Amino acid sequence: MKVLVTGVGGQLGHDVMNELAKRGYEGVGSDLAPVYSGISDGTEVTGMPYVQMDITDNDSVEKIISGENPDVVVHCAAWTAVDLAEDEDKREKVHMVNAVGTENVALACKKANCKMVYLSTDYVFDGQGTEPWEPDCKDYRPLSVYGQTKLEGELAVSGNLEKYFIVRIAWVFGINGKNFIKTMLNLGKTHNQIKVVSDQIGTPTYTYDLARLLVDMIETDKYGYYHATNEGGYISWYDFTREIFRQAEALGHSEYSPERLTVIPVTTEEYGVSKAKRPFNSRLAREKLAQNGFTPLPVWQDALARYLKEIEI
């Protein structure tokens, strides 16, 4: 099986390439940069085949996908800076990347008759209520430019293809790039008090675990919509932060102890600062994975423990 992975300069694309290599599949990475621009960690992705591709350029996408002739395209490339996306001078760019770029990839996959995986988000919903969102729910009401453009990407995939997996994820963290865990660890070193939102509820997604699931998926023809985050109870960002610091302290980092560092729960309104509206309810129902024979991701506490050891805090 040959797999083209977009966005290999990001957290998930990096791990998908390494998972493909682990299973002996042929992986080709792509991104906007002329050469691989992700973390130089010595893993397989750093030495695997790479092609430069601008997903907003339809001719470029069609030429590269037809030339590579993959069995699958795993489309990880996206604009993910949620607040920046709200700026008037960024909105067209965000639309070009998340909506038009995704449609370009979908149309090229249709011509090549290959499978496509599209990574989407809980932001396609309005984040109200307390019930977990079901994968096949069509009650879309995005609150932000990011959510709207990711939804347009979803519709471009489902509207043009039959052989697709649309996988919604949330609260993503991985080795390659910035994420909430790294931000909290850095803040914890320099502050003795941190305020964290306690009224947005969801579950984290470790890209290493997600990459395994995505490769499991593309080995099948069980197409459709899925939700994939790490298992475990739904939590707030405040809960997540406390567990990050608890595990960091257990690894010998006393600077994160509750005696030195206080985490204060605040509401989204009290916290302020965000330009984009965040969903309060990011609970994603994951049962469809097991129902279709896929192994769910490990619990998020376990994922966090492995990640903290991996980044050697």
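The values are calculated or read from the model by the stated rules, or taken from the named source; none is laboratory data. If you're wondering where the values come from, they're calculated on a predicted model, not measured in any experiment. A quick note on method: Cβ atoms are made from the backbone with ideal geometry, for glycine too, and the neighbour counts reach across all protein chains shown. Just so you know, the surface numbers come from the protein's heavy atoms only, side chains and all, with ligands and any DNA or RNA stripped out. Shrake-Rupley method; radii C 1.70, N 1.55, O 1.52, S 1.80 Å.
Here are some notes:
- Cα gyration tensor category, rounded, prolate or oblate, for segment 230-313 with a/c compared to 1.5: oblate
- Theoretical gain in end-to-end length, Ile39 to Lys178 [0.36 nm per residue, Cα-Cα removed]: 48.9 nm
- Considering only the chain, percent of DSSP beta bridges that pair antiparallel, nearest 5: 5
- Degrees between helix 180-190 axis and first principal axis of the chain (Cα, 0 to 90, nearest 10): 30
- Sequentially through segment 48-53, phi angles give Karplus couplings (6.51, -1.76, 1.60; θ = phi - 60°) of 7, x, 9, 10, 6, 8 Hz, Gly and Pro residues having no value and appearing as x.
- Ranked from largest, the principal axis spans of the Cα set of the chain equal 59, 42, 41 Å.
- To the nearest ten degrees, helix 237-250 and the longest principal axis of the Cα atoms of the chain are 70 degrees apart.
- The overall shape of segment 45-147, judged from the alpha-carbon gyration tensor, is prolate: a/c is not under 1.5, and a/b is greater than b/c.
- Cβ crowding within 10 Å averaged over residues, with 292-298, 14-20, 187-193 ranked highest first: 14-20, 292-298, 187-193
- Nonlocal amide H pairs with Val51, under 5 Å, H built at 1.01 Å: Gly29, Ser30, Asp31
- Paramagnetic label zone (point 7 Å from Cα along Cα-to-C-beta, Ala250; backbone N under 16 Å) in segment 181-215: none
- Listed cross-link partners Lys90/Lys178; Lys115/Lys150; Lys195/Lys277; Lys115/Lys182; Lys93/Lys150; Lys182/Lys288 are compared with a 23 Å cut-off, the Cα-Cα value being larger for Lys115/Lys182; Lys182/Lys288.
- Whole-percent carbon and sulfur share, accessible surface of the chain, 1.4 Å: 49
- Average Cα contact separation per residue, segment 161-207, under 8 Å, 6 or more apart, as relative contact order %: 56
- Amide H partners (placed H, <5 Å) of Ala77, local residues excluded: Thr6, Gly7
- For Gly224, the residues 5 or more places off, or on other chains, whose built amide H falls under 5 Å of its own are Tyr164, Phe165, Ile166.
- Counted charge near Lys275, where neighbours are those whose Cβ lies closer than 12 Å (Asp, Glu -1; Lys, Arg +1): 0
- Rolling a 1.4 Å probe over the protein heavy atoms gives the chain an accessible area of 43 Å² per residue.
- Packing order of peptides 58-66, 268-276, highest average first: 58-66, 268-276 (average count of other Cβ atoms within 10 Å over each peptide's residues).
- Over segment 121-184: Rg over Rh, Cα atoms, Kirkwood Rh: 1.02
- For the pair segment 224-303 and segment 169-207, the centres of their Cα atoms are 8 angstrom apart.
- Once the Cα atoms are used to define both axes, helix 58-68 deviates from the longest principal axis of the chain by about 80 degrees.
- Added length on full extension, which subtracts the Cα-Cα distance from 0.36 nm per residue, Asp136 to Asp239: 34.3 nm
- If the segment from Glu62 to Val266 were pulled out straight at 0.36 nm per residue, it would be longer than the present Cα-Cα gap by 68.7 nm.
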